[in-house]
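**Q** Structure below; questions to follow.
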There are 4 protein chains.
Amino acid sequence: MQNFMTIRTDLAIEAREMVTNHVSHDVSGVDVVTSKDEDVLITRVNITNQAAEDALGKPIGKYITIEAQGLKYNDADLHEKIAEFLAEELNGLIKISSTATVLVVGLGNRNITPDALGPKTIEKLVVTRHLKDMLLDDVKDHMRLVCAIEPGVLGITGMETAEIIQGIVTKIKPDMVIAIDALAAAASHRVNTTIQLANTGIHPGSGVDNKRFGLNQATLGVPVIAIGVPTVVHASTIAMDTIHALKEHASFARYFKSMETLSANECQTIVRQVLPETLGNLMVTPKEIDQIITDISTVVAKGINQALHEKIDYENIHTCIKYI
Amino acid sequence: MQNFMTIRTDLAIEAREMVTNHVSHDVSGVDVVTSKDEDVLITRVNITNQAAEDALGKPIGKYITIEAQGLKYNDADLHEKIAEFLAEELNGLIKISSTATVLVVGLGNRNITPDALGPKTIEKLVVTRHLKDMLLDDVKDHMRLVCAIEPGVLGITGMETAEIIQGIVTKIKPDMVIAIDALAAAASHRVNTTIQLANTGIHPGSGVDNKRFGLNQATLGVPVIAIGVPTVVHASTIAMDTIHALKEHASFARYFKSMETLSANECQTIVRQVLPETLGNLMVTPKEIDQIITDISTVVAKGINQALHEKIDYENIHTCIKYI
Amino acid sequence: MQNFMTIRTDLAIEAREMVTNHVSHDVSGVDVVTSKDEDVLITRVNITNQAAEDALGKPIGKYITIEAQGLKYNDADLHEKIAEFLAEELNGLIKISSTATVLVVGLGNRNITPDALGPKTIEKLVVTRHLKDMLLDDVKDHMRLVCAIEPGVLGITGMETAEIIQGIVTKIKPDMVIAIDALAAAASHRVNTTIQLANTGIHPGSGVDNKRFGLNQATLGVPVIAIGVPTVVHASTIAMDTIHALKEHASFARYFKSMETLSANECQTIVRQVLPETLGNLMVTPKEIDQIITDISTVVAKGINQALHEKIDYENIHTCIKYI
Amino acid sequence: MQNFMTIRTDLAIEAREMVTNHVSHDVSGVDVVTSKDEDVLITRVNITNQAAEDALGKPIGKYITIEAQGLKYNDADLHEKIAEFLAEELNGLIKISSTATVLVVGLGNRNITPDALGPKTIEKLVVTRHLKDMLLDDVKDHMRLVCAIEPGVLGITGMETAEIIQGIVTKIKPDMVIAIDALAAAASHRVNTTIQLANTGIHPGSGVDNKRFGLNQATLGVPVIAIGVPTVVHASTIAMDTIHALKEHASFARYFKSMETLSANECQTIVRQVLPETLGNLMVTPKEIDQIITDISTVVAKGINQALHEKIDYENIHTCIKYI
């Protein structure tokens, strides 16, 4: 079974599929509830004990995926609906007072298109923390104080993202953190079609860039909600998928029953032949990735705005301010 | 042999490799000369008769590839050297008077990063056609009149690029056209490491976008030099490469001698399972593609500037002008 | 009176104000009709004879301005309304069959933010000319075939925009041309608040860049509608306005009755002292110009899309196509 | 004298000019030393006591301006020279060990072109702090550990820049901070021609955006070097300059000796008539500002890289690293 796990995934739903595809029964300690309409499938995975954490390689906690093939198309009505679902699910995960301070962190590198989801989302948030003293009294009493940061990436800042966020959290003292990140998917059909929310934060090794740090309650001292969207698959995933498809192909199976003898190591060797390490980190994206990232960052920002701000939005924010 | 050719390539050098890998002797009608130094390999392929044209799927003509692994790295000295090689090879292909008018066409979509090579190169050219009346006499007499256009892509203009360029050529009457295009490579190791020049122009079905049109002497009435750089491989190429690697893998061959029974059709079926057509056009690029396209477009523009302008460059162009 | 006209303007409405501010009666040959609601003022200026053309410095023809202070703010509802007004007014100017071919030209330099209005509008148009053969019959019979081009600017292409467009028009044979351009305003309060439509096309000396060419029925052989938005004022306009304000200032007038002795030449001298020509072309823009150009180009594109396409838009275009 | 000071300036050299233009003698407590070659003028202003601080409105400290008209042109050789001067002057201001940790802060809004100088500079720095454990021993012992942050602006983050930087400084504990900022000039001829260094840090009310916070030894607890480049003038500065030019204009003075009666208040009224506050914050920039900011940010980054790193640069950094 081991070799199936060599395809690392940031999505709990994929981790669970990988496991359940290869064990004869459901994993105990993993509760799964789904709901769907014609366009959108929502799956809530609850990892409740250590055994399940070990089996899936995901910490104990709640993971929600919102899946819609239409997320990657320019479909305004569907995007609006997905943003509303995101807001609802986010509110389901947030147990936080109506006047709390929330820091939203946009992870990733804005100069690498599929990694720019976090930075692009940050730009579209309704931040309010700096308006506190200018807000009308009846608004102020039930308004969350939202602030946001794009910390940049290690190669440009020379600082671990966790160091930067720890520094800011110490100073700003938010009640919670929301971290937005572009992910690598384990299956190409999930690229730009899935939004994952998790109340477990960000853990080392995740994200397009395979982060070395964690952003979670343990490192920051406050609850951290992670919102992730798979925007790439690694080229090696395509190669590995092809090997698996080949192994399961009928004409193949017909001739060569003993295919299971192809070990994980041999698979690696073949992938390395197709994609030598010297080529660097090859990513697979749709051609239209620039437009898609613009669109999905808008969906994520709208979802967060709706979840955090009941009474204000971009359009009417000026009606809530005392002067200027 | 047929199924090997299903991996279409825009590079004559790859077409030749595919053919010669699978025939026991060199193809007649294909002359190949190479030269190299420690960093750069230059291969000049001359397709001289119809049989060779048919075998390689490339029109009769001259094809030059400049290959350097360092092209994709931020290495200023090597880039300078490659630009000089490009200028030399371009001058070898150009039989054109020193006062000729040259139209440079930057093909591709600037909003899709790996397809933006043409548009980004255009911006860095030293255009001179509009300066004609302002140039000092001794400069004017040996200066090429360079002009440039970024025609956009069919989905945004609603016009075939060939229509746009034909219209402009009719009006401007250039002595020759240079067309710059981002290509799809057949092998991932050639992505962003190879520049191809050809005196045959652009033919339908080439480029990242699989163009429906041709830009060549037949369609434009003047000689057309094509400069192409492979900036992506299609995800399906990775999958196909994996199948081929698997077929040649030792432990595989050991067990399953009859692998050749896996037909081209069966390969297609497997690739379609991994990459369903509904996913759209998935491209494989290095993570740093934005920076790489910026760098390579600079190399290509420098090469063209050096080839076309003996006496002027960006730095000293103001010394050639009579008055503003 | 002459010196007031040294402030050149691309807006017929400003030309008329300048003239009528300084003559005691209305200019004959200039019909003006206005309509307004709480947010938007529409002024239709009809220049009907040569005398009026000479007085206003604008060719005989129809000029419509849509003015709304809110155009420059991020106000989705108002922008929707302005787009509808634009579509209506454009339809009033267009006498053209329901199956005509229309070429839309986006003038300006996309690398200079306030000059990028034309290029940014082009990207958001619904182009249809290339879909002709794929459209369902009942759609095809009443659909305009829209195509679009961003010709670039002289300094980058080495070709006059008029040459490029003439070449394309000869090839494509559109029934009409719509040209979109960023303008310089004569008054800072009109920056990013006004859209002008004119059935006279583009004339030399207009636009942010003071074009040397014309795009009009005389140069292209088909009707040309110009759509212009003032996005900058020249710094010299601010200086000149200040001199005029000073001359009319009460405490000034009180002391110095003979102020009219300050000649146009002396004004020029003062402006040149404040803004020496060596500083180059200084433009005045709001700080938020990047966002504003994005927003207004969306409004203009929506207006054109609505005017040209009765039955299709971005959202439902796929329902009109036979097969991919 | 007061009304002359209503034109606020971020440049000590302009503050001094304003003062010395209107007092008959040099201000005591202000030492000025200049040096120049054919292209570049360097002025070192040393404000040494409280009286001088009050007179100039600039804190006690050292201010160096590097002025070159050619800074705004695309002149590679001159830019190289200016970068070297910047490195020298920066080294003159820095008393800091060869293994110190330096945090560079890129102030400003990357989405507002003339305010993007800081963010654009940050991207081009050689950061080294994260490489510490990978560096060869002989390099490590004399290498500064550089890190960098682009904190964003209040309207997007909801946090004062000072809060963000204080948080990071507390965590990272740098030995000094360098803050890079785009400034507003008091005179249009200084736009994009001047680099100012100061060992006094950033004070409230400075910068294109009139910051509300300070970044200096008092707020951060470590020395702060400010590097500023004026990239805009406010439109009101143009208007005010025009009034002053008019007052000093010969034909004017001839007729109206009592011009001094035009008070600061009356000037304000006139400026407000030309530029009503409802127009918002109008900035004056050259048309080519996008390219200019790209170029100047490269000059500033090179200067800082040279000053901080004796032994490494972009080209040879890989020779200093142990592995990976």
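**Q** C:Leu103 - would you say it is crowded, with 19+ Cβ neighbours inside 10 Å and part of a helix (DSSP H, G or I)?
**A** Taking the combined requirement at face value, the residue does not satisfy it.
**Q** I'm trying to understand the selection: among the residues of region D:222-240, which are farther than 15 Å from D:Ala187 by Cα and either of a type in the set (A, V, I, L, M, F, W, C) or touching a Ser or Thr at 6+ places or on another chain (Cβ under 6 Å) (or both)?
**A** D:Val222, D:Val224, D:Ile225, D:Ala226, D:Ile227, listed by residue number.
**Q** Right, next: So C:Leu154 fits all but one of (1) touching a Leu at 6+ places or on another chain (Cβ under 6 Å); (2) under 15 Å from B:Pro151 (Cα atoms); (3) among the hydrophobic types (A, V, I, L, M, F, W, C); what number is the exception?
**A** (1)
**Q** If you go through region A:271-290 one residue at a time, do you hit one that is surrounded by fewer than 15 Cβ atoms within 10 Å (Cβ to Cβ), more than 10 Å from every other protein chain (Cβ to nearest Cβ), at pLDDT below 80 and in contact with a helix residue (DSSP H, G or I) (Cβ under 9 Å, 6 or more places away or on another chain)?
**A** Within region A:271-290, none of the residues are surrounded by fewer than 15 Cβ atoms within 10 Å (Cβ to Cβ), more than 10 Å from every other protein chain (Cβ to nearest Cβ), at pLDDT below 80 and in contact with a helix residue (DSSP H, G or I) (Cβ under 9 Å, 6 or more places away or on another chain).
**Q** For residues that are polar (S, T, N, Q), touching a Lys or Arg at 6+ places or on another chain (Cβ under 9 Å) and within 23 Å of A:Ala235 (Cβ to Cβ), scanning just region B:165-198, find the one that is surrounded by the fewest Cβ atoms within 10 Å (Cβ to Cβ).
**A** Taking the candidates together, the pick is B:Thr193.
**Q** Could you tell me which residue of region C:138-164 is surrounded by the most Cβ atoms within 10 Å (Cβ to Cβ), considering only residues that are in contact with a Cys (Cβ under 7 Å, 6 or more places away or on another chain) and at the interface with chain B (Cβ under 7 Å from one of its Cβ atoms)? It would help to see each step written out before you state the result.
**A** Of the residues in region C:138-164, the ones in contact with a Cys (Cβ under 7 Å, 6 or more places away or on another chain) are C:139, C:157-159.
After this cut, where a residue has to be at the interface with chain B (Cβ under 7 Å from one of its Cβ atoms) as well, the list is C:157-159.
Values: C:Thr157: 24, C:Gly158: 26, C:Met159: 24.
Restricting to residues being in contact with a Cys (Cβ under 7 Å, 6 or more places away or on another chain) and at the interface with chain B (Cβ under 7 Å from one of its Cβ atoms), the top hit is C:Gly158.
**Q** Here is a follow-up. Do we have B:Gly201 as away from chain C (no Cβ under 14 Å) and touching a His at 6+ places or on another chain (Cβ under 6 Å) here? Spell out how you get there, then give the answer.
**A** On the way: away from chain C (no Cβ under 14 Å): yes; touching a His at 6+ places or on another chain (Cβ under 6 Å): no.
Considered against the rule, which asks whether it is away from chain C (no Cβ under 14 Å) and touching a His at 6+ places or on another chain (Cβ under 6 Å), B:Gly201 comes out as no.
**Q** Looking at A:Glu80, A:Glu84, can you tell me which residue is part of a helix (DSSP H, G or I), within 14 Å of chain C (Cβ to nearest Cβ) and over 26 Å from A:Ser188 (Cβ atoms)? Full working, then the answer.
**A** Numbers: A:Glu84 fails: within 14 Å of chain C (Cβ to nearest Cβ).
So the residue among A:Glu80, A:Glu84 that is part of a helix (DSSP H, G or I), within 14 Å of chain C (Cβ to nearest Cβ) and over 26 Å from A:Ser188 (Cβ atoms) is A:Glu80.
**Q** Would you check which residues across region A:222-248 are without any contact (Cβ under 8 Å) to a residue 24 or more places away in the chain and touching a helix residue (DSSP H, G or I) at 6+ places or on another chain (Cβ under 6 Å) and list them?
**A** A:Thr242, A:Ala245, A:Leu246, A:Lys247
**Q** Any residue that is within 10 Å of another protein chain (Cβ to nearest Cβ), part of a loop (DSSP other than H, G, I, E, B) and in contact with an Asp or Glu (Cβ under 8 Å, 6 or more places away or on another chain) - is there at least one of those in region B:165-173?
**A** Among the residues of region B:165-173, not one is within 10 Å of another protein chain (Cβ to nearest Cβ), part of a loop (DSSP other than H, G, I, E, B) and in contact with an Asp or Glu (Cβ under 8 Å, 6 or more places away or on another chain), which makes the answer no.
**Q** Also, I was wondering about something else. Kindly indicate which of B:Ala301, B:Ala253 is at pLDDT below 80, in a helix (DSSP H, G or I), farther than 22 Å from A:Leu282 by Cα and more than 11 Å from chain A (Cβ to nearest Cβ). Lay out the reasoning, then the answer.
**A** Values: B:Ala301 fails: at pLDDT below 80.
Sole residue among the options that is at pLDDT below 80, in a helix (DSSP H, G or I), farther than 22 Å from A:Leu282 by Cα and more than 11 Å from chain A (Cβ to nearest Cβ): B:Ala253.
**Q** A further question follows. Out of curiosity, is D:Ile66 more than 19 Å from D:Val222 (Cβ to Cβ) and in a strand (DSSP E or B)?
**A** Working: more than 19 Å from D:Val222 (Cβ to Cβ): yes; in a strand (DSSP E or B): yes.
Yes.
**Q** Right, another one. For the subset of region C:223-238 comprising residues that are within 14 Å of chain D (Cβ to nearest Cβ) and not β-branched (Val, Ile, Thr), which member is nearest to C:Asn199 (Cα to Cα)?
**A** Filtering region C:223-238 down to residues within 14 Å of chain D (Cβ to nearest Cβ) leaves C:230-238.
Keeping just the survivors that are not β-branched (Val, Ile, Thr) gives C:230, C:234-236.
Working: C:Pro230: 17, C:His234: 26, C:Ala235: 29, C:Ser236: 29 Å.
This residue is C:Pro230.
**Q** Can we say D:Tyr63 is crowded, with 24+ Cβ neighbours inside 10 Å and of a type in the set (Ser, Thr, Tyr)? Quick ask: steps written out before the conclusion?
**A** Working: crowded, with 24+ Cβ neighbours inside 10 Å: yes; of a type in the set (Ser, Thr, Tyr): yes.
It is true that D:Tyr63 is crowded, with 24+ Cβ neighbours inside 10 Å and of a type in the set (Ser, Thr, Tyr).
**Q** Taking C:Val126 as meeting all but one of (1) within 17 Å of the chain's Cα centre (by Cα); (2) within 17 Å of C:Val299 (Cβ to Cβ), write down the number of the exception.
**A** (1)
**Q** Kindly indicate whether any position in region D:11-28 is modelled with pLDDT of 95 or more, within 15 Å of the chain's Cα centre (by Cα), crowded, with 16+ Cβ neighbours inside 10 Å and among the charged types (D, E, K, R). Steps first, please.
**A** Applying the first criterion (modelled with pLDDT of 95 or more) to region D:11-28 yields none.
No, region D:11-28 contains no residue that is modelled with pLDDT of 95 or more, within 15 Å of the chain's Cα centre (by Cα), crowded, with 16+ Cβ neighbours inside 10 Å and among the charged types (D, E, K, R).
**Q** Of everything in region C:43-72, what is without any contact (Cβ under 8 Å) to a residue 12 or more places away in the chain and closer than 15 Å to C:Val229 by Cα? Give them in sequence order.
**A** none
**Q** Another question about this same structure. If a residue has to be assigned to a loop (DSSP other than H, G, I, E, B) and either out of contact with any helix residue (DSSP H, G or I) (no Cβ under 8 Å at 6 or more places or on another chain) or crowded, with 22+ Cβ neighbours inside 10 Å (or both) to count, how many in region B:114-126 make the cut? Steps first, please.
**A** Of all residues in region B:114-126, those assigned to a loop (DSSP other than H, G, I, E, B) come to B:116, B:123-126.
Of the ones still in play, those that are also either out of contact with any helix residue (DSSP H, G or I) (no Cβ under 8 Å at 6 or more places or on another chain) or crowded, with 22+ Cβ neighbours inside 10 Å (or both) are B:116, B:125.
Looking only at that region, the number is 2.
**Q** Just one of (1) buried (at least 20 other Cβ atoms within 10 Å of the Cβ); (2) of a type in the set (Asp, Glu); (3) out of contact with any helix residue (DSSP H, G or I) (no Cβ under 9 Å at 6 or more places or on another chain) trips up A:Glu89, so point out which.
**A** Here A:Glu89 clears every test but (3).
**Q** Can you pull out every residue in region C:129-164 that is part of a loop (DSSP other than H, G, I, E, B), touching a residue at least 24 places away in the same chain (Cβ under 8 Å) and farther than 22 Å from C:Asn305 by Cβ?
**A** C:Gly152, C:Val153, C:Glu160
**Q** Kindly indicate whether any position in region C:36-54 is basic (Lys, Arg), closer than 30 Å to B:Glu163 by Cα and over 17 Å from the mean Cα position of the chain (by Cα). Give the derivation first.
**A** Narrowing region C:36-54 to residues basic (Lys, Arg): C:36, C:44.
From what's left, closer than 30 Å to B:Glu163 by Cα: none.
No: zero hits.
**Q** Only one of (1) crowded, with 21+ Cβ neighbours inside 10 Å; (2) more than 26 Å from A:Val27 (Cβ to Cβ); (3) in contact (Cβ under 8 Å) with a residue 40 or more places away in the chain fails for A:Ser97. Which number is that?
**A** (1)
The values are calculated or read from the model by the stated rules, or taken from the named source; none is laboratory data. Given the structure is predicted, the values throughout are model-derived calculations rather than measurements. A quick note on method: Cβ atoms are made from the backbone with ideal geometry, for glycine too, and the neighbour counts reach across all protein chains shown.
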